[in-house]
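Working notes, structure below.
The values are calculated or read from the model by the stated rules, or taken from the named source; none is laboratory data. Only a predicted model underlies this, so the values are computations on that prediction, with no experimental measurement involved. Cβ atoms come from the backbone with ideal geometry, glycine included; neighbour counts cover every protein chain shown.
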Amino acid sequence: MARSFEDIDMWKKARELVKIIYQMTKNKKFSKDFILTDQIRRAAISVMSNIAEGFERGSNTEFIQFLYIAKGSAGEVRAQLYAALDQEYLSENEFQYTRELCANVSGQISGMINYLKGSQLKGDKFNTETKALPDEPVS
């Protein structure tokens, strides 16, 4: 089991997606389209951030909720890639590579959702083990 969101492969892939989106949107032609540049960057960051935030909530139910948001944002990135391609901001190769990476992240998110839905574990938030309290200082 992952100890932090940084250990999760889908988060690493989402981070890679953010890096690529930022590189692509620095392209002179793409960067002049402020609205699309801002929107695709926000959507890509949303994928990565919602995976992290959901994981940190400590509840599988909440993690699933945030994963659905991340999955929706991945779909948004894919749609915006088509807009960028249609405006000739991207080459066909850039488009295909990034679209496939985005689809891969989305698939990994779906896999995690299905895994969590089938899991009997509820998450750290619901851990009922009592933790030992430190000894009280002697006065």
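Based on this model, can you work out whether LYS32 counts as farther than 21 Å from GLN108 by Cβ and either in contact (Cβ under 8 Å) with a residue 40 or more places away in the chain or of a type in the set (D, E, K, R) (or both)? Considered against the rule, which asks whether it is farther than 21 Å from GLN108 by Cβ and either in contact (Cβ under 8 Å) with a residue 40 or more places away in the chain or of a type in the set (D, E, K, R) (or both), LYS32 comes out as yes. The set of residues in region 25-58 being small (Gly, Ala, Ser) and surrounded by 15 or more Cβ atoms within 10 Å (Cβ to Cβ) consists of ALA43, ALA44, SER46, SER49, ALA52, GLY54. When you check VAL105 against the structure, is it within 20 Å of SER4 (Cα to Cα), among the hydrophobic types (A, V, I, L, M, F, W, C) and buried (at least 18 other Cβ atoms within 10 Å of the Cβ), yes or no? In short, yes. Filtered by the rule that a residue be among the basic types (Lys, Arg) and either buried (at least 17 other Cβ atoms within 10 Å of the Cβ) or closer than 25 Å to GLN87 by Cβ (or both), region 1-14 gives a lone residue, LYS13. Of the residues making up region 61-84, none is of a type in the set (S, T, N, Q), more than 12 Å from the chain's Cα centre (by Cα), closer than 18 Å to ASP9 by Cα and at pLDDT below 95.
Of all residues in region 49-89, those being among the aliphatic types (A, V, I, L, M) and out of contact with any helix residue (DSSP H, G or I) (no Cβ under 7 Å at 6 or more places or on another chain) number 1. If you filter region 88-139 down to residues that are part of a helix (DSSP H, G or I) and basic (Lys, Arg), you find that the one that is modelled with the highest pLDDT is ARG99. For region 1-41, the set of residues classified as among the basic types (Lys, Arg), modelled with pLDDT of 95 or more and in a loop (DSSP other than H, G, I, E, B) consists of LYS26, LYS32, listed by residue number.
With respect to the conditions (1) at pLDDT 95 or above; (2) farther than 18 Å from LYS26 by Cβ, GLU56 falls short on a single one, namely (1).
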